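Shown next, in structure tokens, is the structure this report addresses.
Just so it is clear, none of the values below were taken in a lab; they were calculated from the coordinates. Everything quoted here is computed from the prediction, not taken from an experiment. Here Cβ is always computed from backbone atoms with ideal geometry, including for glycine, and neighbour counts include all displayed protein chains.
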Amino acid sequence: MGGGITFYWVIIPVLLCAITDQKSWHLYMKWLSIGIFFAVALAIAQVLIGLDPENSPWRISTTGLQWDRARGFQSRPWVFSYLCSIAFLLFLSLHNDKNWWHNSYTRYSLIFLALLGMMLAQIRAPMIAIIIASSFFLIGRLKEIGLKKLLLGLTILITLFILAALMRENMFHSLSTGNGRLQIWQASLEVVYNNPIWGVGRPHFQELYISAWDVVHGPAKDKLAIYLQGSIGHPHQDYLSIAVYYGLPALFAYLGIIAALIRWTWSIRIEDPHTAKSMAAIISFVLIAGLAENYTDYTASFYSMIGAYIILYKRHQLFKLNRWKPLNYESTS
């Protein structure tokens, strides 16, 4: 999915084999947070100085577009937004864990930076998904967190959302209209209908999509319809993209894996509620964000999702093997 398998497949054996105790688990999370720090710092520079999405090695140029959708080290803003969102949820689950970073200001700053990176990318689907996903951390903890901290968190979230809306033209209008997604999905479904078992593969999608558009919507006449028919290179949804590229059996297999993860999460909710809430947040984010964009189509976002699942599974595995000592938590009161 998205290519780059020879490099990104390294993530899976590294996470499964290299993380053997609580110290190595937290060390991985530290390195992840350092990477996010530099990526968001670069994204801030891209927004303030100017973005050159093609030529500059750091995608920074004084002759580029200021306030354009930042992308850190990534080539596409939606991938960067997805990575920051996954990191935000993982960091949020460690907000009072001294074993991650001892200083509380460091922890909260990293959580804020991950959220800021997501907002600077100005992609709508993760913004909506992150609100719902974050709510899993509130289960059973509203009294412990307190009203003031909850209101502060909501204020920061709303402020950053407004900032992103001001940076991206027609943000709210696009949210209300779907930005042509419904027409794209209808034409993509026609492609699936004609190729349900094996799919069509990514290289052949656009050609068949253009033909399917004529069947579903008729010849494109207005400016928007012409653009939607001739310029769309993927179905703009995780589930449709899997069905289109690889066939319905692949989609059912993907949904089966998600269902198995949900079942596993539910089964550990009493024994290991911290991991269960974190996994529920990641799963819900993946499911919701995938409704409006296809992140499984890009290598970095696909493997960040897989990495998040594995890192939380490893945490529970260490917990069951008694290699996870009681966490050094700060009081949130």
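Table for the structure above
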read-out: Mean Cβ count within 10 Å, highest first, over the residues of peptides 185-193, 115-123, 259-267; value: 115-123, 185-193, 259-267
read-out: Over 32 Å [Cα-Cα, the chain], rounded percent; value: 33 percent
read-out: Estimated dipole of the chain in Debye, rounded to 20 [Cβ of Lys and Arg +1, of Asp and Glu -1, Cα centre]; value: 1100 debye
read-out: By average C-beta atoms within 10 angstrom, highest first, the peptides 277-288, 243-254, 78-89, 226-237; value: 78-89, 277-288, 243-254, 226-237
read-out: Within the chain, helix-based [θ] at 222 nm, where runs of 4 or more DSSP H residues each add -39,500 (n - 2.57), nearest 500; value: -20500 deg cm²/dmol
read-out: Alpha-carbon centroid distance for the pair segment 36-83 / segment 238-284, whole angstrom; value: 31 Å
read-out: Of LYS23/LYS148; LYS277/LYS320; LYS148/LYS320; LYS148/LYS277, those spanning more than 27 Å from alpha-carbon to alpha-carbon; value: LYS23/LYS148; LYS148/LYS320
read-out: Dipole of the chain, positive direction: furthest Cα of ALA212, LEU160, TRP198, with charges on the beta-carbon; value: LEU160
read-out: Positive-end extreme of charge dipole, the chain - chosen from GLN22, GLN186, ALA121 (charges on Cβ); value: GLN22
